[in-house]
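The values are calculated or read from the model by the stated rules, or taken from the named source; none is laboratory data. Values in this document were obtained by computation on a predicted structure and should not be read as measured data. Cβ placement follows ideal geometry from the backbone for every residue including glycine, while neighbour counts extend to all protein chains displayed. These accessible areas exclude ligands, DNA and RNA; they are computed on the full protein's heavy atoms, side chains included. Shrake-Rupley method; radii C 1.70, N 1.55, O 1.52, S 1.80 Å.
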Amino acid sequence: MSDSLGDLHHDLQRRLRDIRTRAEALSPLDIHARMDAIRGAADRAGLHAMEGLARLSSQLALLPGCRVATTACLDHAEDALAARTQAEQQAILAAVATRLH
């Protein structure tokens, strides 16, 4: 993994952990905005599967029951970013996409 991609992964992991630790105190609009920022970063880096998951997460944050949906999406995103290889990451995100549709 290149340094810039590795730095991006660490940044995304940091942002996801921040949302998880503060989720109870954040409003749905705050969660939406933070997930949308993650979506934008993933999109700019060409991480399309992560971008899709973050987009869905940001949308779900605005619906009733957002705490449960947001937690599930954070779990999946963190699992994908923790993957050792890009192929493993894509497999995790593909499985998530299949379950969501």
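Structure above, values below:
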{"quantity": "Search result, residues across segment 1-17 that are within 12 Å of the chain's Cα centre (by Cα) and either of a type in the set (Lys, Arg) or open to solvent by 50 Å² or more (accessible area, probe 1.4 Å) (or both)", "calculated": "ARG14, ARG15, ARG17"}
{"quantity": "Residue check for ALA25: open to solvent by 30 Å² or more (accessible area, probe 1.4 Å) and assigned to a helix (DSSP H, G or I)", "calculated": "no"}
{"quantity": "Options LEU53, LEU60, LEU74; residue that is in contact (Cβ under 8 Å) with a residue 12 or more places away in the chain and over 9 Å from the mean Cα position of the chain (by Cα)", "calculated": "LEU60"}
{"quantity": "Among residues of segment 42-101, those that are in a loop (DSSP other than H, G, I, E, B), open to solvent by 80 Å² or more (accessible area, probe 1.4 Å) and not hydrophobic (A, V, I, L, M, F, W, C), counted", "calculated": "3"}
{"quantity": "Where ALA25 falls short, out of the listed (1) under 12 Å from the mean Cα position of the chain (by Cα); (2) within 25 Å of CYS66 (Cβ to Cβ); (3) modelled with pLDDT under 90", "calculated": "(1)"}
{"quantity": "Per-region count, segment 28-41, residues over 19 Å from ALA72 (Cβ atoms), under 11 Å from the mean Cα position of the chain (by Cα) and either loosely packed, with under 12 Cβ neighbours inside 10 Å or among the β-branched types (Val, Ile, Thr) (or both)", "calculated": "0"}
